[in-house]
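One structure is given here, and the rest of the page talks about it.
What follows is calculated from the coordinates using simple rules that are stated; it is not laboratory data. Because the structure is a prediction, the values reported are computed rather than measured. Neighbour counts are summed over all protein chains in view; Cβ atoms, including those assigned to glycine, are modelled from backbone coordinates with ideal geometry.
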Amino acid sequence: MATDLETLTSDLLGAVDAAATLDALDAVRVTALGKQGSITALLKTLGGMSPEERQVQGPLIQGVRESVTTAIAAKKDALDRAELDAKLARETLDMSLPAAAAPVGSIHPVSQVMDELAEIFADLGFAVATGPEIETQWYNFTALNMPATHPARAMHDTFYLQTPTHDTRHPHLRVVEEARVLRTHTSPVQIRAMQAAGGDKPIRIIAPGRTYRSDSDATHTPMFHQVEGLVIDKGITLGHLKWTLETFLKAFFERDDIVLRLRPSYFPFTEPSAEVDVGFSIVNGKRVIGGSEGWMEVLGSGMVHRVVLESGGYDPNEWQGFAFGCGIDRLAMLKYGMDDLRAFFDGDARWLKHYGFSALDVPTLSGGVGA
Amino acid sequence: MKFTLSWLKVHLDTVATLDEIVATLTRIGLEVEGVDNPGARLVDFRVAKVLSAAPHPQADKLQVLSVDAGDGPMQVVCGAPNARAGLVGVFGMPGATVPANGMVLKVAEIRGVVSNGMMCSTRELELGDDHDGIIELAGDAPVGTSYPDYAGLNDPVIDISVTPNRQDCMGVRGIAHDLAAAGLGSLTMLYAGTVTGAGEGPEVRIDDPEGCPAFYAQGVTGVVNGEAPEWMRRRLIAVGQKPISALVDITNYVSIDLGRPLHVYDRAKLTGGLVARKAEGGEQVAALNGKTYTLEPGMTVIADDAGAQGIAGIIGGEHSSVGADTTDIVIECAYFEPSGIARTGQKLALTSDARQRFERGVDPDFVEGGLGIATQYVLDICGGAASEVTRAGEAQVPLRVGEYYAELTETLGGLVVAPERQKQILESLGFIVGIPRSEGPWQVSVPSWRRDIDGPADIVEEIIRIEGIDKVLPVPLPRLPGVARPTATPEQTRERRVRRAAAARGLNEAVTWSFVSEAEAAPFGGGAWSLANPISEDLKVMRPSLLPGLLSAAARNLKRGAGGVRLFEIGRRYLVDEEHATLGLVLAGERSARDWQSGKAQGFDAFDAKAEALALLAAAGAPVENLQIFGADGLWAGDAWHPGQSGTLRLGPKTVLAAFGILHPLTLRAFDLDGAVAAVELYLDAIPAKRTGTGFMRPAYAPPALQPVRRDFAFTVPEGLAADALVRAVRGADKAAITSARLFDLFERDGVRSMAIEVTLQPTDKSFTDEALKAIADKVVAAATKLGATLRG
């Protein structure tokens, strides 16, 4: 009897192992465990046995059933897996095929540098101010201590605007008397910021924006970008100006070895006035800011002229301040190495992608203001 | 402003080296733009004598010379017609570089004859324009000496940039004065006495005392107007002035030397006396520069009985100018009101050395002195006899005394300078300093030649400038008290968000000109603001839209071979009322290139533009859910948009937040573009500001516990029914249950248009019953039926 069972078991396990498909495996299962199956038949014999005999034969027959059931389940898993593997193998693709490319956007260097400036100066408590680009001559010149016959006016290569023709959509607009100008610098924002502050509060602002001069050659474009800085407070001196510019330039170029050289100069709206040179060194034949192998003029600055304070509604006997102005395009060129200013305004997508910045390059103090 | 080192030393007694002088000039605010030593280029050129000259055997126009340049006879081939035995000229040794063309001379055969160097013309040495022959020096010039030494060319020319406030440094003496104050030596004495003449002075009067407060004149008779002396001509040439004649050169020399412009008239060409008067309207002057100027009333002229003889303080007239045959002259030394000179110069667009000096304000206390010096030069150089001086009017020399506190260098300038040192600096600059015995401000009197000094800040600048502005030490700006607040305005933050959102969506930010051509502006409503003085017609009107500039850029990119162009710009539009913050965006060429997955290349369509508009409006914080679609017609006067494939997104019927669509083919043609070009303009300043003041806390939120239910509805719709209207109606059919409605299919068959809409229903506290769902579906169908739609069976 025991030998019969052993033979049966080994026959069935052999059949399970030999089943090459799920159908064949199922046929084995039916042969063994189906209603007419050999194991089912054996189980049925248990009923006719004596209790003693059943006690011996029962576990043996159950054992055969278990081992065959387990073998069938294991075989089923193996066949399933093989079928899946075969299916996946049929799905194989050439993974070197190109993926669909999403277009790559970019931020213009001028915008990026403006954001960098805003971040650096925010840390020093400077807000960002703006003003119109089509300015009155009063804001652009007169209020800044440049009356009509001031020789400095002639040096500004000013664009003048024709008075707009009367527009029926805006009948309330009065025809302006004096020709407007395209602002030749961001300095008129000084006056506007002072007026907005009301003459009795300290001011710390930067004002980046478009400026215009009727000048066009290899290094000048009729439109360019400037940033103005203005601090009005009590007890402000040239020393504060120097510290602020040093701090700004060090943060902007992320270098500790920035050396500033102040030179006396003249701007009608500051007194005393200073041009600021920054030391550079030569690296691989290129001028790099930092060190002091040579000097590069980057900024105009000075203590706010009393006439300007008065124009802005501040009492010059009580308030003092400094102001500075700097070319943003030039800052970008010095930091990121572009050499042609005119390319800034051409909209060449190749240039924009090469010199532009990722949307994610948001300048932050913690992550760095340079990208 | 150029001057030579030797010229400077006429006024400055100094042992300082050139380098020290150059460094000091820049340090005290007289920025050195360049130093050039013309002699340095000519070290290999010598004075040489032509011993003999014989015809060249092979060439008619050449001669074979024997030249002695100090080392005995040398054979030289020369083509100059004036080359002849006995001539003393300038010889370039082999190895010398010819300044004009950079050629290095070497021993060479010219048509078979060996030539050991070159006899040079003035043009070859960049000493003048003459190229008709070789230089002819004086016969007794020492043969063999270095030519730059002989000619005094070893005199460095220093070029400084003089800021508009420093008229006093428009003369060499003023520069010397500043250097002396900076400790580089001492100022020499200047004799500026009146020349006592005989006989009545020239007849001179002033009819325009505002424009010309002082008009002094002195006559000289019997002059010979030959060449100015060598030293004067050499200095003038060195600084770029062409010598003309002794009399003209004298006036130019005094102008550069002392910053004092003068004018000399040929008395024989004058009719009657001279008068400084206002011009009559339309009066014309033929000026010394060969041009004729038509004057406006109010401009000051110097005239005789015949008419205007010059534009006062700016340029003299051709008619009464001096020439070789001039014998009797009138020397004018006047003071003109600076603002009048500036106005006249600006209106006539006429610059001159005289205008530059007068409009900055010459020393009003140096009218008599300037005239004396000029007359003395004339007598010394041209001979003749001087008349008495005629003095019409008087230049006001206002006594300008201001209060000054010595601590201002520290409280304004940030630099501590000892009071004694401050006093010393001011006095060395010509100020007179009165210090009270007890406490109190100093009384500082400003020198007459420093018209720019106006108040204590200027005095601080003078002291710091000389003491060294670079000595100012940095002082930290105090941190502002309290918590740091955002420093950007909400508008600026919005711009930054939109900019970075656009870049993140694959758009490239461009910066284009604020001005475009009239033709480019026309389709976009035309430019309200035109430049009166544009650089070119292409950059003439302030842009009414950002699209023209971007379209031009897109066209350039496509011409360069770009497949697809996605450009945007954030900037201003300039309308008649004001400037408007705007985003412009242009999509041109291929949206996607041909591809193994998606097949053929795809172009852009109006819905690409709409998608960008909505995404960027959302980034800008606009209430995108509440926007309504309107047509784009009427937005601009011109044919900007495709009439059937464009629209505007509005908040209510009037507030346009964006326009989008495909551009009109006629507009595209004007920009040299074809195919479908999509564009968006976002009106950033029309987007309502977010409500503030609620803090950072957000309203409480609990996600719904029950699953949403989706139901599809398909309608046939009447012609002209906008999809948006149907979707809105469906969404509004049951506001409590319907959370969204979305069009997911659209087709047309046999002239019947169908739209399929997926509706999402959100149960709140218990699941929808079949009855409830049926009721909602009925409401949806009813809402659609109102618009003429029919539920499809």
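Expressed as a whole number of Å, what is the distance separating the alpha-carbon centroids of segment A:213-266 and segment A:46-113? Using only Cα atoms to place each centre, the spacing works out to 69 Å. Roughly how tilted is helix A:22-33, in degrees to the nearest 10 and between 0 and 90, from the longest Cα axis of chain A? It works out to around 40 degrees. Extending 7 Å from the Cα toward the beta-carbon at both B:Gln424 and B:Glu439 defines two label points whose distance is 2.8 nm.
For segment B:499-527, the residues whose amide N sits under 20 Å from a probe point set 7 Å from the Cα of A:Lys353 along the beta carbon direction are B:500-512.
Within segment B:40-151, the proportion of Cα pairs with more than 20 Å between them is 32 percent. When the Cα positions of B:Ile160, B:Thr292, A:Ile236 are compared along the charge dipole of the protein assembly as shown, A:Ile236 comes out farthest toward the positive end, with charges on each C-beta of Lys, Arg, Asp and Glu.
Inter-chain Cβ neighbour count for B:567-576, averaged per residue, equals 4 (cutoff 10 Å, partner chain atoms only).
Of the trypsin sites (Lys or Arg not before Pro) found in segment B:616-721, the ones in coil according to DSSP and having at most 16 other Cβ atoms within 10 Å of their Cβ are B:Lys654, B:Lys690, B:Arg691.
Taking other Cβ atoms within 10 Å as a rough exposure proxy, B:Trp636, B:Trp449, A:Trp138, B:Trp641 sort from fewest to most as A:Trp138, B:Trp636, B:Trp449, B:Trp641. Quick one: what does P(r) look like for segment B:696-770 with 10 Å bins over all Cα pairs, in whole %? Per 10 Å bin, starting at zero, the Cα-Cα P(r) for segment B:696-770 comes out as 17, 39, 26, 14, 4, 0 percent. Charge tally around B:Asp470: other residues with Cβ under 13 Å, Lys/Arg +1 each, Asp/Glu -1 each, net +2. Among the listed pairs A:Lys250/A:Lys353; B:Lys278/B:Lys347; B:Lys735/B:Lys779; A:Lys234/B:Lys471; B:Lys735/B:Lys786, a Cα-Cα separation exceeding 19 Å is found for A:Lys250/A:Lys353; A:Lys234/B:Lys471.
For chain A, the pair-distance distribution built from all alpha carbon pairs, in bins 10 Å wide starting at 0, is 4, 17, 20, 13, 6, 3, 4, 5, 7, 8, 7, 4, 1, 0 percent. Sorted ascending by nearby beta carbons within 10 Å, beginning with the fewest, B:His664, A:His150 become B:His664, A:His150. Per residue of peptide B:462-472, the mean number of Cβ atoms on other chains within 10 Å of the residue Cβ is 4. List the pairs from A:Lys35/A:Lys75; A:Lys35/A:Lys87; A:Lys44/A:Lys75; B:Lys49/B:Lys106; B:Lys654/B:Lys690 whose alpha-carbon separation is above 31 Å, in the order I gave them. Violating the 31 Å limit, Cα to Cα: A:Lys35/A:Lys87.
Structure remark: mean-square fluctuation, Gaussian network model of chain A, C-alpha springs under 10 Å; the largest value among A:Val227, A:Val28, A:Val308 belongs to A:Val28. Distance between Cα centroids, segment B:302-325 to segment B:387-442: provide it in whole Å. Cα centroid of segment B:302-325 versus Cα centroid of segment B:387-442: 40 Å apart. The label-point distance for A:Leu88 and B:Asp577, in a model that sets each label 7 Å from Cα toward Cβ, rounds to 6.6 nm.
Across peptide B:523-535, the average count of Cβ atoms from other chains found within 10 Å of a residue's Cβ is 5.
Computed from the Cα positions only, the extents of segment B:277-371 along the three principal axes stand at 35, 35, 22 Å, in decreasing order. Fully extending the segment from B:Ser767 to B:Arg560, taken as 0.36 nm per residue of separation minus the present Cα-Cα distance, adds 68.4 nm.
Across all directions, the shadow cast by the convex hull of chain B built on its C-alpha atoms averages 57.1 square nanometres. Spatially, segment B:677-735 and segment B:67-142 are offset by 90 Å when compared through their Cα centroids.
Springs between Cα atoms under 10 Å define the GNM used for chain A, and in it the highest mean-square fluctuation of A:Ile72, A:Ile328, A:Ile289 occurs at A:Ile72.
Packing here is the average count of other Cβ atoms within 10 Å per residue, and on that basis the peptides B:317-328, A:126-137, highest first, run A:126-137, B:317-328. With a cut-off of 14 Å on the backbone N, the residues of segment B:548-590 near the modelled label site 7 Å out from B:Ala601 along Cα-Cβ are B:557-566, B:588-590. For segment B:30-46, the residues whose amide N sits under 20 Å from a probe point set 7 Å from the Cα of B:Glu20 along the beta carbon direction are B:30-32, B:35-36. Just so you know, the averaged projected area of the alpha carbon convex hull for the protein assembly as shown sits at 79.5 nm².
If you bin all the Cα-Cα distances of segment B:204-393 at 10 Å, starting from zero, the percentages per bin are 10, 40, 39, 11, 0. Taking the Cα atoms of segment B:214-292, the ratio Rg/Rh between the radius of gyration and the Kirkwood radius comes to 1.00. Normalised by the number of residues in segment A:111-262, the average gap of Cα pairs under 8 Å and 6 or more apart makes the relative contact order 25 percent.
When each of the peptides B:278-284, B:727-733 is scored by the mean number of other C-beta atoms lying within 10 Å of its residues, the order from highest to lowest reads B:727-733, B:278-284.
Secondary-structure-derived ellipticity at 222 nm for chain B, considering helices only, amounts to -7000 deg cm²/dmol, per-run term -39500 (n - 2.57) for DSSP H runs with n ≥ 4.
Among B:Thr122, B:Thr489, A:Thr92, A:Thr158, the order by Cβ neighbours within 10 angstrom, fewest to most, reads A:Thr92, B:Thr489, B:Thr122, A:Thr158.
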